[in-house]
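One structure below.
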Amino acid sequence: MGIDLAFLFAIALSYLGLLFVIAWCTERGWLPDRLVRSPLVYSLSLGVYATSWTYYGSVGLADRSGFAFLNIYLGLTGAFILGPYLLRPILRLCREHQLTSIADLLAFRYGGRATGFAVTLFMLIGILPYISLQIRAVTESIQILSQQAPPNLLALVFCAVITIFAILFGARHLTPREKHRGLVVAIAFESAIKLIAMVIAGLFAVTQVFDSPMAMSQWASKQPEMLNALYSPATTGLWPTLLLLSFCAAFTLPRQYHMTFAENETPRHLNTAYWLFPLYLLILNLPIIPILFAGRFLSLPMESDFYVLGMTLTLGREWLAILVFLGGLSAASAMMIVTTLALSSMCMNHFLLPATLATNRPRDFYRRLLWGRRMIITAIIGAGYGFYIIIELQDGLASLGLISFVAAAQLLPGVFGVLFWPRATQAGFITGLTAGSCVWFLLLILPLIDSRIVPTEWVAPGIDIWTLTTFCTLSINAFLFIVGSLLSQPTDEELAAAQAANEHSALTASGATIAQSVVHYRYALRQALGGRVARDEIDRALQETGIRKDETRRSELRVLHDRLERNLTGLLGPTLAREILRRQPGSHEGLLSNTLDARMLERRLQSSREQMRGLTKQIDDLRQYLQDVLRQLPLGVCSISANGQIYIWNSAMHKLTGIDERDAYDKPLDQLQAPWGLLLSNFALSSDKHQIRRKAFPGDRPVTINLHKADIGADIGMPIGQADALVGQVILMEDRTELDTLEAELAHSERLASIGRLAAGVAHEIGNPLTGIASIAQNLHYEVSDNESAPVIREQTDDILTQVGRINSIVRSLLTFSHADAVTDTPYEVVDVTQRVNEAVRLIKLSPDLRRLSIQTSMPESVLVYGDANLLMQVFVNLVNNACDASPDGATIHVQGFIHDNELTVETIDEGSGVSPEAREQMFEPFFTTKAVGQGTGLGLSLAYSIVANHKGRLRIGDSEQGTRMIVTLPLYNAAS
């Protein structure tokens, strides 16, 4: 008794809905990122390889071809064993150049629209039998379970449902270029369901049909003919044929390429897949023989392809039948969804977009791209349904799968040319592919449609059709591929692509046309794709590369060109991406195509560090270390090419000049901002190897630098083949501004010390005779007799005493200045600065000459500092006295104080004419004065400066709208310290 059809339909629809919910939750970030991005999920997603052919058809293939069915998985295992040399280079190309399909890969290497068109057309035809296989498998499984449904109607309904889910899984977003994380997780979930269902079915066959493994073995030993049939195909030509076909399928089938390369987010996950995915296939195939034995034992009345379903129904296990059905639905739906997404991308890039962009400029390009993909998905599944209707279904499921495997194998010569033969050309590839595909169509497709057209038993009696077709197609394909490539010359574009395909090459494959500015790229994209797309793509590339919109340097534009080409390749395919970027006006034809661009080299090395290993990794680590040393070197380093363009500009140069590395890179020296452009370019052109104590004025403060230069052995900007040509230069720049300042301060200190010693000696030598002169003058003043000349003599002696007093004042100042550094030896005490300031003002007001001025004070109440009270009062007396001397009659002198940040600030402000900028620089120098000759020694401010400094304070000249503002700052007294 069968299962109700409506129930089966509800189960199937619910299961597909569950898959969509899983994908949707993944894209919304509701599932743990650690799980979503794990190597386990990635490896399980590769299980899309196991279609309904594997799930149902492997039992039928084992029935007809014995253990040869294992080769479908052993060949793929061999491809993964060779993964580091086969799969990883393809993954690198796919990631670096945004090659989202096998057609993009081959069109990238064998440039031109013809390559992408031919590959897409052939794959579209070649995969249709595979799609029809999935439709047939699901349709017949439902028929077996329900025993009532018409097959064509079931097939149509299934195709409609899969079309909807394929669009939901892969064509919902406006940016089809992005990764489909939700799809990957959903496919991984389906792979797990397939594995669980098949393993449970195998265990059921062993334990429920035969009771035990021993019973199954005993039954099989009594079937010698069956055992001989299992082993005999291993000695025929089918064995190596299946090995080769499955080996090719690992990287040429569109769905396998899509999941292995296009959806890979973390390259290191491929390392896990090398062993985990073959292990998955091994476990999946362990139940095949037990299920075959169970079907034979039960004498099931159906094709051996569906023994797994018949076994569960015969024994009345409906729950297991539904589980097995869901496993088969998983296998078929995963294959159809991923295949249609991969083929839709190929058709968009190589069929629809070239025709659309050639005829009009779409207004809403992204939306049209998305709807175009949806229509193509519908058309592909519809074509698969049409193929299902018209073909003769006389063979098993495996036959349809092998037809597509042979078709995919026709891409093998082209892929090997991508990886291992730089001399291969587009002409050779298309010639070989065309010939191989014609033979494939003649020997496999026509007999499938009508066996009377080409009776295969007449072609090669005694040889199975799969071995014959595989040998003929690949032999003709490879022969014409080699001959055609040798007879034709590769274009510059093909040579550049071949160089990019080399794992050790850091050069871009884009070639030859670099625009003069970002505006030109925007114009080219706007002409082809419309304003919105042009803006979005340019902004995206600028953000990814960190390049400014006004950039005009060739090397930076080369980086931008490379990034634009990769991004557009992911959106449009490599052919259209190149054609669009060639359209910009004002381009440099052939620019940099044969040169090693240092910035490009560095970015490529950084992006490929994960793939380095062994000696290559050690060399790159050393390169990175030396680069860091050069970048952090405290000396400025600038390397220039023979034509004066900058290639190295380290962080010390940035610090010295204020010019960032990005702004300096690739610029001629003379285009640097002043004064560095003229200074460095003149030095580079001069015959001098060293220039010492050069002055530069980049701002308000002059700097002093030493310059050194040397020739370097090979110019990194020269063509590769001319490494011994004209050399470049390396320039070292040393900043000695601080050193000169320290030397000047040291010389100044020594000069002051010398002046102090001189002052002490002069004061001592003058003091002795001065005392004698004063004594004689006083004696003369008192001893002169009262005569007519006595008043005159007394007046003259008074003048002598006055001048002696002035000389004595100067001598005391000299002595005080000479001992200024010794004030720290005087015991300090807590001093009330407010009291000292008020006392200083009171003393000054006693002078009759100062009664014409007004002195106003505004000080905080009782401010304490730690120091010498007399010396501090001397400072304030000096400052207030100078303010009085500088102010005109009737002026007001302001003395004000305030506290801020645990410091006391006292300001003395006069209403004089102020201090000139030239005088400001010398105000605190000893013996410098702005007063008239004879009115000052020039030692007062110098002495005040020394006293304040010894009190850990600061004395400076502040800004003032009128007059002069002298500012004294002293630290407040802190009892705790």
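Structure data summary
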read-out: Of all residues making up region 8-34, the number that are touching a residue at least 12 places away in the same chain (Cβ under 8 Å), of a type in the set (A, V, I, L, M) and within 26 Å of T266 (Cα to Cα); value: 4
read-out: Single match in E190, E225 (criterion: on the phi < 0 side of the Ramachandran plot, in contact (Cβ under 8 Å) with a residue 24 or more places away in the chain, assigned to a helix (DSSP H, G or I) and acidic (D, E)); value: E190
read-out: Test: residue in region 619-630 that is under 15 Å from D735 (Cα atoms) and surrounded by 12 or more Cβ atoms within 10 Å (Cβ to Cβ); value: no
read-out: Residues located in region 78-98, provided they are under 21 Å from A498 (Cβ atoms) and of a type in the set (V, I, T); value: I90
read-out: Test for E861: is it part of a loop (DSSP other than H, G, I, E, B) and surrounded by 18 or more Cβ atoms within 10 Å (Cβ to Cβ); value: no
read-out: Residue that is surrounded by the most Cβ atoms within 10 Å (Cβ to Cβ), among those in region 541-569 that are of a type in the set (S, T, Y) and touching a Leu at 6+ places or on another chain (Cβ under 8 Å); value: T569
read-out: Enumerated helices (runs of 4 or more DSSP H) restricted to region 269-316, each holding at least 2 residues that are over 54 Å from the mean Cα position of the chain (by Cα) and of a type in the set (A, V, I, L, M, F, W, C); value: 288-298, 307-314
read-out: Residue ID - surrounded by the fewest Cβ atoms within 10 Å (Cβ to Cβ), chosen from residues in region 864-905 that are in contact with a Gly (Cβ under 9 Å, 6 or more places away or on another chain) and under 14 Å from G953 (Cα atoms); value: E903
read-out: Residue, surrounded by the most Cβ atoms within 10 Å (Cβ to Cβ), within region 3-38, restricted to residues that are among the polar types (S, T, N, Q) and under 25 Å from the mean Cα position of the chain (by Cα); value: T26
read-out: Within region 276-310, tally of residues that are under 24 Å from M259 (Cα atoms) and touching a residue at least 24 places away in the same chain (Cβ under 8 Å); value: 9
read-out: Helices (runs of 4 or more DSSP H) contained entirely in region 39-122, each with at least 3 residues that are surrounded by 24 or more Cβ atoms within 10 Å (Cβ to Cβ) and at pLDDT 90 or above; value: 39-45, 102-109
read-out: Qualifying residue in region 46-55 (condition: more than 29 Å from the chain's Cα centre (by Cα), on the phi > 0 side of the Ramachandran plot and not β-branched (V, I, T)); value: no
read-out: Residues (modelled with pLDDT of 80 or more and within 19 Å of S681 (Cβ to Cβ)) located in region 608-651; value: G636, V637, C638, S639, I640, I646, I648, W649, N650
read-out: Hey, V830 in the same structural domain as A949 (by TED's automatic domain parsing), hydrophobic (A, V, I, L, M, F, W, C), at pLDDT 75 or above and loosely packed, with under 14 Cβ neighbours inside 10 Å or not; value: yes
read-out: Count of region 905-942 residues which are modelled with pLDDT of 85 or more and either in contact with a helix residue (DSSP H, G or I) (Cβ under 6 Å, 6 or more places away or on another chain) or of a type in the set (F, W, Y) (or both); value: 2
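Every residue, every condition in (1) surrounded by 16 or more Cβ atoms within 10 Å (Cβ to Cβ); (2) modelled with pLDDT under 75; (3) at positive phi, yes or no:
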| site | (1), (2), (3) |
| --- | --- |
| P702 | no, no, no |
| G713 | no, yes, no |
| G721 | no, yes, no |
| A725 | no, yes, no |
| D735 | yes, no, no |
| E738 | no, no, no |
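The values are calculated or read from the model by the stated rules, or taken from the named source; none is laboratory data. In this text the structure is predicted, and so the values were computed from the model without any measurement. FYI the Cβ positions are ideal-geometry reconstructions off the backbone, even for glycines, and counts take in every protein chain you see.
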